[in-house]
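Each remark here refers to the structure printed beneath this line.
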Amino acid sequence: MPTLTIDGVEITVDSGVTLMQACEEAGAEIPRFCYHDRLSIAGNCRMCLVEQENAPKPIASCAMPAADGMVIHTNSPSIKKAREGVMEFLLINHPLDCPICDQGGECDLQDQSMAYGGNDSRYDENKRAVTEKNMGPLIKTVMTRCIHCTRCIRFAQEVAGVEEIGALGRGEHMEISTYLEQSMTSELSGNVIDLCPVGALTSKPYAFTARSWELEKTESIDVHDAVGSNIRVDVRGKEVMRILPRLNEDVNQEWLADRSRFAYDGLKKRRLDKPYVRIDGKLTEATWEDAFKTIADKVAGTDGSKIAGIAGDLADVESMTALKDLLISLGSANLDCRTDGVQYDASNRASYLFNSTISGIDQVDALLIIGANIREDAPIINARIRQQSLTGNLQIAVIGETLDLTYDYDYLGAGAQTLADLVSDNGAFAQTLKDASHPMIIIGQNVLSRADGQAIAAMAAQLADNVGAITADWNGYNVLHQAAGRVGGLDIGFVPQDGGRDVAGILDGAASGDIEIVFLHHADEIDVSKLQNAFVIYQGSHGDAGVQHADVILPGAAYTEKAATWVNTEGRVQLGNRAAFPPGDAREDWTILRALSGVIGKTLPYDTLDALRDRMAEIAPHLAEADQIVAADWQGAGTAGDTSDEPFAGNSIDHYQVNPICRASNTMEECTNIQNEVSEGTGTNG
């Protein structure tokens, strides 16, 4: 471990760290533009210069390893002059358009030119101009501002895994561009906006809409997949203006998927902002009192066995708890949150969790993916797998569709027979899993939703046991969920009670008349055509599929408009916060159910959010442990049975159209159109 002196302070650092990292450990601030903790070192900008005693010239600290005996000065007169010179060169061609630049107020170049630059300019020549580049509907380019830090290039190649951005030309003629002048095909493309230290790459949907100092910033949780990415919601007045990632090393690091970042315009379209009651076949605006009375009158004359509830993908834990308690108080055992039909055993928590945890991917040395398109279902997890694969210590194999997952893998086969062969210890990859110190198996939600899903789960669990993937400190059996509300629903037991019906049974019962009343709670991903004969109560935020046959509509809050608990695919309990208020007469979901219970005469025993969360903790004690993962005891998974020869298929739902918010978003619609053009080869993705 080298020991060096930095600004008169002696410090010992780990072997292999750079001078920049050593300086920061010593408390010195080192400016930089091209360097980023998660990207390879480029050494382009030279802003991080420091002085080493007896060295002939300043040193780029980002690219120089710390060595024993070094004596470093980070703020000497010569370094101050060198940084002023570097800044002067960077600003030679940079336009003076800060007043109209979306990066204004958040710009590294602004901040560092104030802190480290000179106070005048000696450049009298004409500035260079660069034409804007087409990077699709998400990224706005003003490439004249580019300082050639190459962060975007390195991100595309190293993290996103799409080598579509590069540098063309040399010297003064160098330009950053997508090679074919078209959209990035990465589902993580928006992260280059955060990485750009100037205003060359900014958000196209956000362009010219707000200034950073106008916005009220709220920390919350994303719900567009089951990863539970940590986000910051920026609001002006009542409107969400943008969504940015928050740092969480255990979940999303500092990245965010495009649909999580850009679908926010769907929060203000197709919104349900008033209660509605169907009168003479037509939905009519109503008061809350009228809506509740209509429901109470219907419930009063209906046996509990004929009442059912379905919780959808965007339902939070608080509202599902309230709905479960209400349904049980009405005598109903017909409730389910498994809208895709997966028969998870809610009493066996390890059978439906991503047990290895997301951060556990950093230890994996052998990975088997079973029927999961991780790149679309969980882009953040896919990026983490790619990150681990680049170390060279990870071997990956896939059973299912052949897909571009942004990393190399061995394709083993298409269906259950291939998995059965591995269980029988046939094939080289079975031995690879056995030889691994941290083997991992990931099963896609689509595979488990098949008729033979539980038999496949049992085979995968048997394989995990066979190869030693289940130990005292490691569980390599992982289910990759797609819905933000699913794990929370399973944790509180929002599944059929004794003798109750699941989603398929509820829909069939509604079609036959055996089920007369159906509560749809943010449930849109079901076959609503079977609900025509039932009395349907829809509670949600958007006018989507669920309202088609609704007799009463109760307008709820979207995820940015309520304080709510979400449990991600690894079982991590996270708290979202309210960034804005729901529109019109819409209310937070659990408060609606609490008020309804009073009108029905089955008053729920909690009046505050804290009391409701106490009730959640009674049902599942780990829900009281925010931002924690409580490991589940391994009891195996699935149920042994026959399997089909049908190949494992991926998600049939468009990646950008997975929920009502995305389907209401114009930005997501543009992304879908461009994705279709790319797949059909019909255009340049303009």
- request: Kindly write out, for segment 564-581 in residue order, the coupling ³J(HN,Hα) from the Karplus curve 6.51 cos²θ - 1.76 cosθ + 1.60 (θ = phi - 60°), rounded to whole Hz, with x marking Gly and Pro.
  value: 8, 9, 10, 10, 7, 4, 8, x, 7, 7, 10, 10, x, 10, 6, 9, 8, 8
message: Relative to 2.2 N^0.38 Å, what does the C-alpha radius of gyration of segment 288-336 come to as a ratio? Two decimals please.
response: 1.19
- request: Grab the DSSP H runs of the chain that are 4 residues or longer, score each as -39,500 (n - 2.57), total them, divide by all residues and round the 222 nm result to the nearest 500 deg cm²/dmol.
  value: -7500 deg cm²/dmol
task: For segment 25-126, go through all pairs of different Cα atoms, get the mean of 1/r, take its inverse, and jot down that Kirkwood value in Å.
output: 15.1
- request: Please get the size of the charge dipole for segment 126-206, origin at its Cα centre, with Cβ charges of +1 on Lys and Arg and -1 on Asp and Glu, quoted in debye to the nearest 20.
  value: 360
- line: With T = 37 °C, eta = 0.692 mPa s and Kirkwood Rh from C-alpha pairs, the Stokes-Einstein D of segment 343-426 in µm²/s is about 235
Share of pairwise Cα separations in segment 198-246, more than 15 Å, in percent: 51
- line: Toy charge model, Lys and Arg Cβ at +1, Asp and Glu Cβ at -1: segment 186-242 dipole around Cα centroid in debye, rounded to 20, equals 260
- prompt: What does the charge dipole of segment 184-314 about its Cα centre add up to, to the nearest 20 debye, if the Cβ of each Lys and Arg holds +1 and the Cβ of each Asp and Glu holds -1?
  reply: 520
field: Rule-of-thumb Rg ratio for segment 455-561 [Cα; 2.2 N^0.38 Å; N residues]
entry: 1.41
- request: Report the semi-axes of the equivalent ellipsoid for segment 313-387 in whole Å, largest first, where each axis is √(5λ) for an eigenvalue λ of the Cα gyration tensor.
  value: 33, 13, 12
query: Along the three principal axes, how long is the chain when you take its alpha carbons, biggest first, rounded to the nearest angstrom?
result: 89, 60, 53
query: When only alpha-carbon atoms count, how far does segment 108-267 stretch along each of its three principal axes, as whole angstroms with the largest first?
result: 51, 36, 28
message: Can you give me the Kirkwood hydrodynamic radius for segment 191-300, using every pair of distinct Cα atoms, in Å to one decimal?
response: 16.9
task: For Val17, list long-range residues whose amide hydrogen, built 1.01 Å from N in the peptide plane, is under 5 Å from its own amide hydrogen.
output: Ala66
Three-way shape call for segment 487-528 based on the alpha-carbon gyration tensor, with the a/c threshold at 1.5: oblate
Helix axis angle, 453-466 relative to the chain longest principal axis, alpha carbon, degrees: 50
query: Based on the inverse mean of 1/r over its pairs of different Cα atoms, what is the Kirkwood hydrodynamic radius of segment 134-191, in Å?
result: 11.7
query: Cross-link list Lys217/Lys268; Lys268/Lys602; Lys204/Lys238; Lys269/Lys602; Lys204/Lys269; Lys80/Lys133: which exceed 30 angstrom alpha carbon to alpha carbon?
result: Lys268/Lys602; Lys269/Lys602; Lys80/Lys133
task: List, largest first, the extents of the alpha carbons of segment 335-491 along their principal axes, each in whole Å.
output: 46, 34, 32
Cα-based equivalent ellipsoid of segment 522-661: semi-axis lengths in Å, sorted from largest, via gyration tensor: 29, 25, 17
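None of the figures in this text is laboratory data; all of them are computed from the coordinates on show. No experiment lies behind these values; they were computed from the predicted model shown. Cβ coordinates were reconstructed from backbone atoms using ideal geometry, including for glycine residues, and neighbour counts include every protein chain displayed.
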